[in-house]
Amino acid sequence: MKSKAKAMGGSQSSSVASSHEDCLRVQAAGSSASFSLQREFDLPLLILEEIFLNLPPNQVVRACRLVSHQWKEVVDSESLWKERCRREGFHLRDTYKKPKDWKLFYFLCKQRRNLLKNPRGEHKMRNWKILENGGDRWKVEGLLVPHQNEKVQKNFVTSYGMCRKEQLIDLEKEGYNASFMDHFQPDIKISDWYAPRWDCGSQYEICVELLNHSKGLVQTFAPDTITFEQWNDQNWNQLTHVFQNYGPGVRYIRFTHGGRDTQFWAGWYGIRVTDSSVEICPAADT
């Protein structure tokens with residue numbers, strides 16, 4: 001009996017020891033699993049950056065950035081967005097003028113485009129609101145002299161009475177929401193091309209307004225009227241302006257331009273305009 005008891009005791013002791021070992025194995029496995037879970041998203045930084053460079057940029061910012069502290073650091077790093085700019089061809093015009101925020105620079109370049117519709121008269125007067133249509137009214141014609149941009153083949157022509165037209169840009173509809181505009185206040189670049197006829201005097205005018213949600217005036221650009229005398233060179237001229245540090249509240253941009261001839265000739269001898277543009281730009285690129 002004693003030997004049997006000893007045998008049972010030995011068996012029981014062996015069983016307890018075995019159970020204890022199993023328990024330790026389970027705990028070890030649990031710790032290992034927990035450690036693996038913690039390390040699951042830890043990747044070498046260069047590999048992680050390369051992965052992010054091959055994902056859609058909005059997904060990188062809105063989703064990947066929230067995964068872990070390490071991922072957030074990579075998403076917020078200058079090197080990631082600097083390399084993204086290089087790969088997608090977003091270069092600085094002035095290499096000595098570095099952006100303060102490469103991520104912001106990238107997204108502004110990515111979304112940059114002309115916010116004016118039909119700026120060259122390719123669709124006649126579509127998208128433009130006629131404010132004044134004097135003389136023989138606005139007309140779209142081919143160019144008298146080539147434009148610096150070979151893609152430009154048409155222009156809007158004014159007559160002997162004042163002709164003015166405008167477009168109202170809704171920034172929210174164009175993808176620039178209120179919080180973005182108020183926080184970053186990105187540069188707003190205006191450009192317009194105008195030319196007289198060589199055989200007739202003419203006048204050109206432009207007014208661009210930044211407006212708030214109720215279309216109240218925030219800031220305006222309205223230079224003096226430009227006058228051309230008869231027998232001029234009829235070459236194209238470019239006018240540019242950049243709105244900066246305009247404060248919060250900008251929700252709309254109103255672009256207005258036009259002119260007339262100064263000799264009251266029937267037909268279309270007044271100022272010619274084309275290739276107008278309004279762009280939201282990175283500060284380092286204006």
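The values are calculated or read from the model by the stated rules, or taken from the named source; none is laboratory data. Just so it is clear, the structure is predicted and the values come from calculations on it, not from any experiment. As a convention, Cβ positions derive from the backbone with ideal geometry for all residues, glycine included, and neighbour counts pool all protein chains shown. For the accessible areas, the whole protein counts, side chains as well, though only heavy atoms, and no ligand, DNA or RNA atoms are used. Shrake-Rupley method; radii C 1.70, N 1.55, O 1.52, S 1.80 Å.
Can you list which of the GluC sites (Glu not before Pro) found in region 167-206 are DSSP loop residues with at most 16 other C-beta atoms within 10 Å? Walk me through the numbers before you get to the answer.
On the way: sites: Glu172, Glu174, Glu205; in loops: Glu172, Glu174.
When the GluC sites (Glu not before Pro) of region 167-206 are filtered for loop state and at most 16 Cβ neighbours within 10 Å, Glu172, Glu174 remain.
Taken over the alpha carbons of region 38-143 as equal point scatterers, the Debye sum produces base-10 log I(q)/I(0) values at 0.14, 0.21, 0.23 Å⁻¹ of -0.68, -1.08, -1.23.
Against the empirical 2.2 N^0.38 Å (N residues), region 230-286 has a Cα radius of gyration ratio of 1.62. Think of a 1.4 Å ball rolled over the protein heavy atoms: region 32-158 then has 65 Å² of accessible area per residue. Shown for region 63-117: the carbon plus sulfur share of the solvent-accessible area, taken with all protein chains present and a 1.4 angstrom probe, equals 53%.
For Lys72, a cut-off of 30 angstrom between C-alpha atoms picks up these lysines, skipping any fewer than 8 places away in its own chain: Lys82, Lys97, Lys98, Lys100, Lys103, Lys110, Lys173. Positive contributions from Lys and Arg (+1) and negative ones from Asp and Glu (-1), summed over other residues with Cβ under 10 Å from the Cβ of Arg164, come out at 0. Can you send over the carbon and sulfur percentage of the accessible area for region 158-202, probe radius 1.4 Å, protein chains only? That share works out to 48 percent.
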